1. What about B:Tyr273, is it crowded, with 23+ Cβ neighbours inside 10 Å, of a type in the set (Phe, Trp, Tyr) and under 24 Å from C:Ser191 (Cα atoms)?
2. D:Gly127 fails exactly one of the following numbered conditions: (1) among the small types (Gly, Ala, Ser); (2) within 18 Å of the chain's Cα centre (by Cα); (3) closer than 25 Å to D:Ala47 by Cα. What is the number of that condition?
3. Can you name the residue in segment D:74-103 that is in contact with an Asp or Glu (Cβ under 8 Å, 6 or more places away or on another chain) and among the charged types (D, E, K, R) and, of all such residues, is least open to solvent (accessible area, probe 1.4 Å)?
4. Looking at segment C:50-63, which of the residues that are surrounded by fewer than 24 Cβ atoms within 10 Å (Cβ to Cβ) and not in a loop (DSSP other than H, G, I, E, B) is nearest to the chain's Cα centre (by Cα)?
5. Return the total of residues in segment C:15-49 being of a type in the set (Gly, Ala, Ser) and open to solvent by 60 Å² or more (accessible area, probe 1.4 Å).
6. Cβ contacts < 7 Å: first residue facing chain D (nearest Cβ under 8 Å), restricted to segment B:248-267; second residue hydroxyl-bearing (Ser, Thr, Tyr), any location; separation 6+ or different chain. Result?
7. How many residues, within segment D:64-92, are in a loop (DSSP other than H, G, I, E, B) and within 23 Å of the chain's Cα centre (by Cα)?
8. Hey, can you tell me all the residues within segment B:130-181 that are in a helix (DSSP H, G or I), within 20 Å of B:Ser216 (Cα to Cα) and in contact with a strand residue (DSSP E or B) (Cβ under 7 Å, 6 or more places away or on another chain)?
Protein chains: 4
Amino acid sequence: MKIGFIGLGNMGAPMAQNLLKAGHDLTVYDLSETALAQLNRAGAKIAQSAAELSSIPGMEVIITMLPASQHVRSVYLNQGGILEVVAKDVLLIDCSTIDPQTAREVAKAALSKGNPMLDAPVSGGTGGAEAGTLTFMVGGAKKDFERAQTILTTMGKNIVYCGDSGNGQVAKVANNMLLGISMVATAEAMSLGVSLGMDPKVLAGIINTSSGRCWSSEIYNPYPGVVENAPASRAYSGGFGVDLMLKDLSLATEAAKFAKQPVILGAVTQQLYQLFSSQGNGKLDFSSIINLHNK
Amino acid sequence: MKIGFIGLGNMGAPMAQNLLKAGHDLTVYDLSETALAQLNRAGAKIAQSAAELSSIPGMEVIITMLPASQHVRSVYLNQGGILEVVAKDVLLIDCSTIDPQTAREVAKAALSKGNPMLDAPVSGGTGGAEAGTLTFMVGGAKKDFERAQTILTTMGKNIVYCGDSGNGQVAKVANNMLLGISMVATAEAMSLGVSLGMDPKVLAGIINTSSGRCWSSEIYNPYPGVVENAPASRAYSGGFGVDLMLKDLSLATEAAKFAKQPVILGAVTQQLYQLFSSQGNGKLDFSSIINLHNK
Amino acid sequence: MKIGFIGLGNMGAPMAQNLLKAGHDLTVYDLSETALAQLNRAGAKIAQSAAELSSIPGMEVIITMLPASQHVRSVYLNQGGILEVVAKDVLLIDCSTIDPQTAREVAKAALSKGNPMLDAPVSGGTGGAEAGTLTFMVGGAKKDFERAQTILTTMGKNIVYCGDSGNGQVAKVANNMLLGISMVATAEAMSLGVSLGMDPKVLAGIINTSSGRCWSSEIYNPYPGVVENAPASRAYSGGFGVDLMLKDLSLATEAAKFAKQPVILGAVTQQLYQLFSSQGNGKLDFSSIINLHNK
Amino acid sequence: MKIGFIGLGNMGAPMAQNLLKAGHDLTVYDLSETALAQLNRAGAKIAQSAAELSSIPGMEVIITMLPASQHVRSVYLNQGGILEVVAKDVLLIDCSTIDPQTAREVAKAALSKGNPMLDAPVSGGTGGAEAGTLTFMVGGAKKDFERAQTILTTMGKNIVYCGDSGNGQVAKVANNMLLGISMVATAEAMSLGVSLGMDPKVLAGIINTSSGRCWSSEIYNPYPGVVENAPASRAYSGGFGVDLMLKDLSLATEAAKFAKQPVILGAVTQQLYQLFSSQGNGKLDFSSIINLHNK
């Protein structure tokens, strides 16, 4: 297939590589010359702008992977943006993690120009992007979702349909808010138990067979030494960074403001990650939040 | 075995019944004449006071199941209490859920009189007490734990050794604090997703295969209709009550003060349950906290 | 002076009336025909658009009073907006309460077109707007502030210079966040004291001569009957509404995200007002938050 | 008057000194020999125990100033305690800061032995204790309050009657909870304003003439350099320590649990002081909490 890919960062570059490996005819665009050169060496064509990429004849699908809402808005809606030049029926897939409102607004603008659009944020990190094992949470029309299946399967393992436009973002934001709260909660429970004299492995074992059990306690326990392969057991290196969790919690609390929905623990957790980040821990794995409570 | 049982409330009465069914020689004591009469009809002997029960010749084990720390302190330590009259080596098992400090203090007093003591709080609710499927979290000396195994197995299914004296209480308080926070977090995530347009079952499905997964989302989802047998699907009747969760969160925050351990989300969650209880919801299942956020 | 005024809502209309009363040559614009007609009867000229108003020859000052950031952005920056047509050196004064970032961005755009601009959000409510006793918190160049003094004094009593562009908004957002937290804190302290058996007037008297003293306890006590003229003593009618406080707390937490500044109590307070508003109390005075804690 | 004084710590010792200076016939007791010797040199008689002090013939008033609830309970209620030996009608005044429940319980026990009792916690710190300018918040019967006036006036300046037994503690706990929240709120508002570009003195000036005004912003501003004589301007030395504020917030949240009264901001503030104390800041002035948010 003839595919365009805009946004070759830590996530976008390996995703584009996987599309190349699968034999697709790929044209890429990014502001970084280095990133473009790297994909070019791997076999991708290079465009000089989003507009040039979007106006390539015969283009079937354009994928974007951008840092934040304002970039998505700008790449799609601004002068010289995708929607100004793209041919009708080209399928647009935005894999950025952004707020649901922007996702819906851009998708509506696309549809009014004759372009189906999906929001398809991912989870799985750079490891998953490289291995092609990402999870995609997809919002948009069912038939467009089906059209995108083959391509998404090239880059990921779980492709989940979440319903109408924007729902991919909603699912991601709701899941990650719950994850962030659970991680702080696990950190507090482990710290409390240990400070009262329990062995951390014994405590984790009890929690994981009881009603306190969660992904953060079982798979990713923040207490060092409890789960052998978790970031906590390698000084919180690698994994999903504090600043990325902070970004997702900020998206969640903003979406909650928009929906007039109270999310009290979500807001406190966003603040705790802000506090911890401002103390210089933004690059550590997000399970390091346990250190806010200790020492 | 010759066993004494003090405290025949909603939990204690069915636990005592299971000891009778297993053929033990049981003497019971409670302030309620009705409760005593009921156990008497089932075959138990009746004592007129804790002291009378504790001074029965040949007694091997005394089990207590009381509402709160002050009752445990009073039944064991006061004039006319167990420790004043009980013979050396009688094994004492307190199944009440109380703060770890009191548990340790009482166990120390028991030991100094020559009586081994275990703290063995339970989870599993009245249903588990009746079915004999409770989980016991046990703190104390390993050899006393082993001595108690047969008896506890008569009343429960999972008998977990948590380490030194008080650790049974620590494990329970840490697990239940994590449970309470996770429940509010799940309520917020589900409410946020639905208010932004997602189907609750689809959202729960995504969370339960992702990193937000927890016991509260999988087994006990607070959104009505998502889990067929959960209290949320029967108007929050039955289950584990709001006021019981409030009690456990209060124990957790008190234990945290004692240990000088910050538990920020734990404290906020304790307050949210206090707020929700004071609005008249104390008897509903604790997953009904989702209604604090909605409507 | 020849003045233009855009935005004739609950605040803007009486502010414009005060300019008329002071004898200024006033042209007004608003989307509402009713609002325009009312000012017209009072002696104001009417423009059919922001652009028409902005291109009136000899115009000296244009004042805007709009609901939110997006309206300010649109009225100044969009096609057909003020900056497209306004003559150089016309002084622009935005009295809307918006986020500091937008205020700075719009002021920068104005300056690049040759127009000095001030942000001048107000406090004092509709009562202050009618009586001409508003407080103006003003950000921008000192000499522009001096140029605006006469006009602002027509509409207000305290005209406070806050420093560079955007600082008027910063001062308002910081003050109102502190106000919102203090109000909830006063509500909690009064409720706690009364629930433990104290007379509310005695308690308020003690607090107001001690270190707990604040504007919310002294002037605007949320407990009914403590301050005779406060909204609490007239069923929380009149005053500064819950939804307006919620808007200001949302601006504060957004500005904090932008500045990467933790504001933990600010975020919790924003959530509590969101919760209370979503229970149907948005139009009551903001001191009614005490009812979230009681009964 | 013939007065007994038990508890010669940082507060109690200078209070006792002021009683001596006023010419009272004073007998003191404390566990510390050093403290006793110091008062002895100043002219006080020494007792070897609380019981010895309490059984001195002709004793008119006994004052206690102790660290926490358990000490008050023990000194009054235990074997060898005051109530076991004290003559009828001796007036008992407890100046300790403790929870209202304990205060009421001890006062009730005293009354049943024929002794009127007042709870009279103070504010004003060691400086106020030395200068004799403390504020006393007094709970108990009005006629006992009147009887205590002369003595309390020797040690303090403001003697405030708060109503029935325990209300002195209630007033203190409610005021100090409000103080603690206001301090964190002021810290957040100042930090937010400064991080967004405002001069701290200008911001404080605006807040102090607006609705955000509070004792913490006016008299005791936590931002260095804003109030010349505040602890913030001398590296947070002197003043009211973090650990003392933590103690009072813990009393407030415990009293709230007892009263089933939600105090959400109170609980979060208690946690923030716990967090800040556990990072090694317990001895700094409590306004140093601003450093939790900065750097």
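1. Details: crowded, with 23+ Cβ neighbours inside 10 Å: yes; of a type in the set (Phe, Trp, Tyr): yes; under 24 Å from C:Ser191 (Cα atoms): yes.
The answer is yes for B:Tyr273.
2. Result: D:Gly127 fails condition (3) only.
3. The selected residue is D:Asp94.
4. Just the residues of segment C:50-63 that are surrounded by fewer than 24 Cβ atoms within 10 Å (Cβ to Cβ), to begin with: C:51-53, C:55-61.
Next, only the ones that are not in a loop (DSSP other than H, G, I, E, B) stay: C:51-53, C:61.
Values: C:Ala51: 25, C:Glu52: 26, C:Leu53: 24, C:Val61: 20 Å.
Applying the filter and picking the extreme gives C:Val61.
5. Applying the first criterion (of a type in the set (Gly, Ala, Ser)) to segment C:15-49 yields C:16, C:22-23, C:32, C:35, C:37, C:42-44, C:47, C:49.
If we keep only those that are open to solvent by 60 Å² or more (accessible area, probe 1.4 Å) too, we end up with C:23.
Residues flagged as of a type in the set (Gly, Ala, Ser) and open to solvent by 60 Å² or more (accessible area, probe 1.4 Å) within segment C:15-49 amount to 1.
6. From residues that are facing chain D (nearest Cβ under 8 Å), the pairs are B:Lys257/D:Ser250; B:Lys260/D:Ser278; B:Gln261/A:Ser191; B:Gln261/A:Ser195; B:Pro262/D:Ser278; B:Val263/B:Thr253; B:Ala267/B:Thr253.
7. Keep residues of segment D:64-92 that are in a loop (DSSP other than H, G, I, E, B), which gives D:65-68, D:78-81, D:86-90.
Cutting the leftovers down to within 23 Å of the chain's Cα centre (by Cα) gives us D:65-68, D:81.
Residues flagged as in a loop (DSSP other than H, G, I, E, B) and within 23 Å of the chain's Cα centre (by Cα) within segment D:64-92 amount to 5.
8. Keep residues of segment B:130-181 that are in a helix (DSSP H, G or I), which gives B:130-131, B:142-155, B:167-181.
Subsequent filtering for residues that are within 20 Å of B:Ser216 (Cα to Cα) retains B:171-181.
Listed by number, the residues that qualify are B:Ala171, B:Lys172.
The values are calculated or read from the model by the stated rules, or taken from the named source; none is laboratory data. Given the structure is predicted, the values throughout are model-derived calculations rather than measurements. Note that each Cβ is placed from the backbone with ideal geometry, even for glycine, and that neighbours are counted across all protein chains shown. With ligands, DNA and RNA removed, areas are computed over all heavy atoms of the protein, side chains included. Shrake-Rupley method; radii C 1.70, N 1.55, O 1.52, S 1.80 Å.
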